[in-house]
Amino acid sequence: EVAASIGSGLAKAALGGKVDGKLVDTSFCIEQDAALAIVTAKDADGLELIRHSSAHLLAYAVKQLFPEAQVTIGPVIDNGFYYDFSYKRPFTPDDLAAIEKKMTELANKDEAVQRRVLPRDEAVDYFKGLGEHYKAELIASIPSNEDVSLYREGAFEDLCRGPHVPSTGKLKHFKLMKVAGAYWRGDHRNEMLQRIYGTAWASKDDLQAYLTRLEEIGR
């Protein structure tokens, strides 16, 4: 609403905000005087939001194509993101191409990304009910007196502190790069998960420049 009061172009470009230095969703309510900055794709924080939300879009696509896969964690990393999955067989290059295509389809649907908060124990039960046992284990390690935030886009809901872009339509310039193995919680005694790496950028030109650099390094 603040961005819209400045101009419709800024409102359309807004990915999030910074309130007293804290990165927040566009749905964050300002209840007292505060220093506010509108975050767009031109900002470093905007790129962080894009990459964070792209990891969730990846998980959403995987669950659409492979409903039996379980989701674990999906953070932002340098130049992109990854997400770890538990699945009965290794993902193939063809799977990766299908997942990226599904991500594009879901992004084009421009589904709203909505936040809600649950008590910890209720969130544990919720994810257990979904069959997401890794996610339930993660939440159970959070102190019992703390609430946890969940983010939903379409048919997919995930545990996350956030913030995220306001809708999937803000995610346009991404590419899945590779699959690797990763132990659950980094412990070699635990199950080997599958880690899908991706990259995401604010513009088509930035994405292409990054991919070109990788090709040159590869040569």
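For the reader, a short list of remarks on this structure follows.
- For the chain, excluding the exposed loop sites themselves (GluC sites (Glu not before Pro), DSSP loop, at most 15 other Cβ atoms within 10 Å), the longest remaining stretch covers 69-145.
- Seen through its C-alpha gyration tensor, with square-root eigenvalues sorted a ≥ b ≥ c, the stretch 157-212 comes out oblate because a/c lies at 1.5 or above while a/b is not bigger than b/c.
- At full extension, R213 and D110 could sit 34.1 nm farther apart than now, given 0.36 nm per residue minus the alpha carbon distance.
- Cross-link reach is defined here as a Cα-Cα straight distance under 26 Å, omitting same-chain residues fewer than 8 places apart; for K172 the lysines meeting it are K12, K18, K22, K42, K63, K101, K102, K109, K204.
- Estimated dipole of the stretch 130-177 in Debye, rounded to 20 [Cβ of Lys and Arg +1, of Asp and Glu -1, Cα centre]: 400 debye
- Reciprocal of mean inverse Cα separation for the chain (Kirkwood radius, Å): 18.3 Å
- Per residue value of the accessible surface for the chain (all protein chains in place, 1.4 Å probe), Å²: 54 Å²
- When the stretch 100-219 is described by a simple charge dipole with +1 on each Lys and Arg Cβ and -1 on each Asp and Glu Cβ, the residue from A140, G162, Y126 located farthest towards its positive end is G162.
- Total charge dipole magnitude, the chain, about the Cα centre, Cβ charges on Lys, Arg, Asp, Glu only, Debye to nearest 20: 600 debye
- Extension gain, A37 back to Y183 (0.36 nm per residue minus Cα-Cα distance, nm): 48.7 nm
- Rolling a 1.4 angstrom probe over the chain with all protein chains present gives an accessible area of which 49% lies on carbon and sulfur atoms.
- Rounded if a/c under 1.5, otherwise prolate or oblate - the stretch 26-137, Cα gyration tensor axes: oblate
- Förster radius 35 Å - calculated FRET efficiency between K88 and K18, Cβ distance, rounded to 0.05: 0.25
- Rounded to the nearest 20 debye, the dipole size of the stretch 40-122 about its Cα centre is 180 debye, using +1 on the Cβ of Lys and Arg and -1 on the Cβ of Asp and Glu.
- When only alpha carbons are used to place a centre, the stretch 151-219 and the stretch 130-150 end up 22 Å from one another.
- Rounded if a/c under 1.5, otherwise prolate or oblate - the stretch 102-219, Cα gyration tensor axes: oblate
The values are calculated or read from the model by the stated rules, or taken from the named source; none is laboratory data. This one's a predicted model, so the numbers in the text were calculated from it and none came from an experiment. Don't worry about glycine lacking a Cβ; one is built from the backbone with ideal geometry, like all the others, and counts go over all protein chains shown. Heads up: the accessible areas ignore ligands, DNA and RNA and are worked out on the full protein's heavy atoms, side chains in. Shrake-Rupley method; radii C 1.70, N 1.55, O 1.52, S 1.80 Å.
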